[in-house]
Structures are given as C-alpha cells and as structure tokens.
1. Could you grab the pairs with beta carbons closer than 8 Å, sequence gap of 6+ or different chains, first residue in segment 281-294 and farther than 19 Å from LEU173 by Cβ, second one surrounded by 12 or more Cβ atoms within 10 Å (Cβ to Cβ)?
2. Among the residues of segment 85-93, is any in contact with a Lys or Arg (Cβ under 6 Å, 6 or more places away or on another chain) and of a type in the set (D, E, K, R)?
3. VAL125: within 18 Å of TRP68 (Cα to Cα) and not polar (S, T, N, Q), yes or no?
4. Would you mind finding the one in VAL95, VAL90, VAL109 that is closer than 19 Å to LEU209 by Cβ, assigned to a helix (DSSP H, G or I) and within 14 Å of the ligand (Cβ to nearest atom)?
5. How about segment 4-30: which of its residues are among the hydrophobic types (A, V, I, L, M, F, W, C) and over 13 Å from CYS66 (Cα atoms)?
6. Would you check which residues across segment 1-53 are assigned to a loop (DSSP other than H, G, I, E, B) and surrounded by 15 or more Cβ atoms within 10 Å (Cβ to Cβ) and list them?
7. Which condition from (1) touching a residue at least 24 places away in the same chain (Cβ under 8 Å); (2) within 14 Å of the ligand (Cβ to nearest atom) is the one that GLN102 breaks?
Amino acid sequence: MKRVFVTGASGFIGRNLVRELVARGYEVRCLVRPTSSIRFLRRAGAELRYGGLTDLAGLRESIAGCDWVFHVAGLTQAFSQAELMRVNAVAAGCVAEACSLQPEPPTLVLVSSLAAAGPCRRGSVRTEADRPAPVSHYGHSKRAGELAVERFADRVPVTILRPGIVFGAWGRLLHPMFQSISRLGVHVIPTLTPPPLSMIHAADLVNLLILAAERGTRVQPPGDQPPKGQRASGYYFACDAEYPDYADLGGLIGRALGRRHVFLWHLADPFPWLVAGVFEAVSRIRQRADIINWDKMREAHVHSWASSPLAAERDLGFRPAHPLAQRIQETADWYRQNRWL
Ligand SMILES: NC(=O)c1ccc[n+]([C@@H]2O[C@H](COP(=O)([O-])OP(=O)(O)OC[C@H]3O[C@@H](n4cnc5c(N)ncnc54)[C@H](OP(=O)(O)O)[C@@H]3O)[C@@H](O)[C@H]2O)c1
C-alpha cells in the first residue's frame, strides 16, 4: 500500500484529495498547524503531523517512508507580495529539498496555478509550450514556487499541475457568486469584457493529481530545459475544455440554483478597482485577507485565461468525469445540503 504525504490537507483542495486517497486505500499522512481545521482529517483516518512548511528537519522526518508527496499548501490571497513569496515559493523549495534528502526520494506533485503561466490573447488557448508570463503577485509567487521545485528535479521525480479556477465541495472562491445569485438574483462581473476562464471541479482535479503521481512525465532539471516553443515535460494544465466567461458562469450558476433570470451587473473601470480597494482596506482592518483585492483585479482584467487540457489528456488519459454544467449543479447541491446557501 502506498504511503502519501499531503501538505495543505486542511484546505479546500487538500480535503478533497485526502478523501479520495483514503477511499482508494492509501495510507495518508498530513502536515497541519495548531490552528488548522482537522476534524475532517481525523474522521477520515489520516495521520496528522504538526509542523511548519519551512522547517526542513521536521519536513524531512514527516516525509520519511512516503512514496508520494502532494504539496498542496499555498496562499491564494495575502496582504503583501512578500507573504505570498514566503508561502508559495520558499515553502515549495523546502518541501522539494526535504524530498531530495530521503534515501529514496518520493514522487513530488506540486499544485501550482494557471496564474503562474499567465493569461493569453483573446481567441487563443495557452499550452504548456508557451513562456510563462504571470500578471499578478500571486501568479509570480506560484511561478517562483515552480522554479524553486525545479532545482531539485535532478534528484526528485517532480510533476507540476497548473489548475484554473477550482470549484466543488468546500470551495470558497465561487461561493460568493452562488450566494449573490441565490439571494438576490444578481451576478457582479468585474469588467466590461470578461475573459474566457479555465475551470476544473475539485473531484476531477484530485483524479488528475493521482494520475500525475502514478505516471505523469517529470520535470527536467534547470540545465535540461527544452528549446523555446517546445513543451516542458512534467507540466500540466488542469482544466476543462469549456471556457465560460464570468457572464456565462453567472448563467450556469443561475440555472443550477433554479433562477429563471440572473441580472448581470458589469462594472466599468475604475469602479471594480475602487471596490477592490475598499475590500482590501476593510480586510486589513479585520486582519484577514479577502479574495476580492487589487491583485485579483489584475487577473480579471486580461484577455483570456483559456488553457489547453490536451497534454493531460494525451499523457494521462485524463478527462473531466462530467460536463461543466453538471459539475456546477453538483456544487450548488453540495452548498445547499451543507447549508452554505
Ligand atoms: N482554489 C483554487 O481555485 C486554486 C486554483 C489554482 C491553484 N490553487 C492552489 O491550490 C492550493 C490549495 O488551494 P486551496 O484553494 O485549497 O486553498 P485553501 O482552502 O486556502 O487551503 C490552503 C491550505 O494551505 C495551508 N497553508 C496556507 N499557508 C500555510 C502556511 N504558512 N503553513 C502551513 N500551511 C499553510 C492551509 O492550512 P491551514 O488550514 O492551517 O490554514 C490550508 O490547508 C494552493 O497552492 C493554491 O495556490 C488553488
């Protein structure tokens, strides 16, 4: 039986991953903090290890004897670029180094982000061969995390996944949209020209993460990178082949919630930036970073986030189990059953 180490297990994607790993009979060990929400992990039967993401000795000990490591922990929002870098880049390097110090280094799967690759021109679809060009502090920190892990690719088998927007059970990112449509029938769109989005349901992402660990191609060490325009091995976009924009998404959520009409409220510049500024100021006072902030506005004001799922399909036989509309419906049902709406 495989022994698996998971960081970020107490978060949205981590919980979905742990649930599936346990269901498949893997022995799961999770890194948590004293402040982490651990009830679910306890009930799932996972072994808990308390420690920090930059404590190399502690990580080395926790990873000992594991076959796979999923580094899921990360910050999606923060008050400063330095904080994003510390968690998304420095910590990723520490986890990779701890893997490299094992007598038999485990396979490391890093959950990066499409934000690390950056957007593309309207009408085109980004592939893994395109040069990364992040536009947000978050995207830069996730790209720095990829590079920090690449440094150990000569000793550690590494595969890096770049998910688009992830949604599903326990997901908080799209939850405010569901709430606004459910309660008011209103869907706020932070731009007049919303970009096509890449999305993936958490259950599909989890499947892809496990496939990547089993038989993904591995990242080449920094000296062995492919020539410009050729796909770097070991990198996969994690997304559906449908690319709804924010307006389409409002329609999908409205239908899932049984709303006949959803009012699409497009915000024109500079209004969305002002709103983001107010949210950021309030979150600073409350000392809790909010998902609505200036950095996310940078990501909303691009041409397109369409990315290609073809590499994952070709190498790993990956396809989302259900169409996007059905996955949105399942998410609405989960929110209702768990009284999130
Ligand atoms: N959600 C998306 O749409 C999306 C899309 C693309 C990529 N990603 C990436 O997926 C990963 C997980 O995202 P998520 O949506 O599951 O986020 P989440 O729900 O906020 O969970 C984040 C996890 O990381 C842990 N963590 C954060 N900072 C930490 C630190 N300093 N030390 C130790 N643990 C720390 C958290 O632990 P605590 O519970 O103790 O806070 C939690 O378990 C991130 O790397 C993110 O960049 C997410």
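1. Note: pairs meeting the criteria are ARG284/PHE79.
2. In the first step, residues of segment 85-93 are kept if they are in contact with a Lys or Arg (Cβ under 6 Å, 6 or more places away or on another chain); the result is 88.
Imposing the further condition that a residue be of a type in the set (D, E, K, R) reduces the set to none.
No - not one qualifying residue is present in segment 85-93.
3. It is false that VAL125 is within 18 Å of TRP68 (Cα to Cα) and not polar (S, T, N, Q).
4. On the way: VAL90 fails: closer than 19 Å to LEU209 by Cβ; VAL109 fails: assigned to a helix (DSSP H, G or I).
Criteria check complete, one pass: VAL95.
5. If the condition is that a residue be among the hydrophobic types (A, V, I, L, M, F, W, C) and over 13 Å from CYS66 (Cα atoms), then ALA9, PHE12, ILE13, LEU17, VAL18, LEU21, VAL22, ALA23 are the ones that fit.
6. Restricting attention to segment 1-53, the residues satisfying the condition of being assigned to a loop (DSSP other than H, G, I, E, B) are 1-2, 8-11, 24-26, 33-38, 45-46, 51-53.
Selection gives LYS2, GLY8, ALA9, SER10, GLY11, TYR26, SER36, ILE38, ALA46, GLY51, LEU53.
7. Looking at each condition in turn, GLN102 falls short on (2).
Conditions (1) within 20 Å of the chain's Cα centre (by Cα); (2) within 19 Å of ILE13 (Cβ to Cβ); (3) assigned by TED's automatic domain parsing to the domain that holds SER80; (4) of a type in the set (S, T, N, Q), marked per residue:
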| position | (1), (2), (3), (4) |
| --- | --- |
| ASP248 | no, no, no, no |
| ALA256 | no, no, no, no |
| ALA276 | no, no, no, no |
| SER283 | no, no, no, yes |
| LEU316 | yes, yes, yes, no |
| ARG327 | yes, yes, no, no |
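The values are calculated or read from the model by the stated rules, or taken from the named source; none is laboratory data. Nothing here was measured: the structure is a model prediction, and the numbers come from that model. We place every Cβ from the backbone using ideal geometry, glycine too, and count neighbours over all the protein chains shown.
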